[in-house]
Each structure stands twice: as C-alpha cells, then as structure tokens.
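K.L.:
Handing you this structure, nothing more for now.
Where a number appears in this text, it was derived from the coordinates with a stated rule and is not lab data. If you're wondering where the values come from, they're calculated on a predicted model, not measured in any experiment. Note that each Cβ is placed from the backbone with ideal geometry, even for glycine, and that neighbours are counted across all protein chains shown.
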Amino acid sequence: MLRGTAMHLLCQERLKKLGYEVEPKKEINIGLVTIVGRADAIKDTREHGLEIKTSGKWEIMYKAKPWALYQAKCEASLFEIPVFFVVQPILKRDGRFILQAIGKAERDDDWFAEQVKLVQVFHERLISISSRAKS
C-alpha cells in the first residue's frame, strides 16, 4: 500500500506541472447521506480526468478491473467531466514513467442517478435494521 501511495504522490506532483488539479473533492447531499468523491486528477480544461491504479506486485495491468471502471464512471458524473481514464503508472528502466491507459469511463448522468438511488435504498435499509435492533 505504501508503494501505491508513493506512486500516486509522484504521479500527482508531475501531473500538477502538466495542468491537472490533483485530489479535487466534491460532495453531494441526498437526504441524510452525503456522497463524497475524490478524483486523482482532473485536467484544467476539464476535458478528462484520471483515476490512477497501481499494483502491489509491480505487475503491468492490461485492463482495468470492473470496480475501477465503476469508480471512474461515478467520478465522471460527480465531477461533470466527459470522460475519465483509468491509468497505471509504469516505471521504465531508465527511471522515467508513463501513465498507461487501461480503461475508459464516459459520463452518464442517468446511470449515476440510478447508483445514487441504490445508495439511498441501502441507507434506508440500514436505518430500518438499526431501528429494529433498538426495539
């Protein structure tokens, strides 16, 4: 985990120099629930965002995992960005690194609204279970 955190920090420092906002945060309130999103990087032109994924084993990933694409798709709508790329930092032998795109998620506000509804239903179920447990 520490390697992943260190690689994120290294990437984000370099991305700042390329015109990216790093670690932007956005919240939306839905009743008693607040959904909080924090993206790894968003281009200053707001044309795309980046979700950085690392491998604890330093292995190259050729395809984003489904949960990473889900996260990127949520972030695209939450931050109102047309597309988020899931990228993996790859360290080259000469000390340079590249960000290899391993997935792409486009903004879909209708889909995101459905995901928010699922969060609301889940929250209501938790409240119901909690109320029954107290009685």
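K.L.:
If I stretch the segment between Leu126 and Glu114 completely, what's the gain in nm (0.36 nm per residue apart, minus their alpha carbon distance), one decimal?
P.N.:
2.5 nm
K.L.:
Okay, moving on. Just rank Leu50, Leu69, Leu91, fewest to most, by other beta-carbon atoms within 10 angstrom.
P.N.:
So the residues, fewest neighbours to most, are Leu91, Leu69, Leu50.
K.L.:
Per residue, how big is the convex hull of region 34-73 when only Cα atoms are used? Give it in Å³. Display every interim value, and only then the final one.
P.N.:
Numbers: hull volume 4.4 nm³, N = 40.
Spelled out: Cα convex hull of region 34-73, divided by residues, is 111 Å³.
K.L.:
If each Cα of the chain is one equal point scatterer, what is log10 of I(q)/I(0) from the Debye formula at q = 0.12, 0.15 Å⁻¹?
P.N.:
Computed log10 I(q)/I(0) values: -0.55, -0.78.
K.L.:
Give the separation of the Cα centroids, region 108-132 to region 1-68, in Å.
P.N.:
Cα centroid of region 108-132 versus Cα centroid of region 1-68: 24 Å apart.
K.L.:
Next question, about the same structure. So what are the ³J(HN,Hα) numbers for region 63-72, from phi and the Karplus equation (6.51, -1.76, 1.60; θ = phi - 60°), rounded to whole Hz, Gly and Pro as x?
P.N.:
Ordered by residue, 3J(HN,Hα) equals 8, 5, 5, x, 5, 5, 5, 4, 4, 5 Hz.
K.L.:
Obtain the nm distance between the two label points defined at Leu10 and Lys26 by a simple spin-label model: each point lies 7 Å from its Cα along the Cα-to-C-beta direction.
P.N.:
Distance between label points: 3.0 nm.
K.L.:
Something else: Arrange the following residues from fewest to most other Cβ atoms within 10 Å of their Cβ: Tyr70, Tyr62.
P.N.:
Placing the least packed residue first, the sequence is Tyr62, Tyr70.
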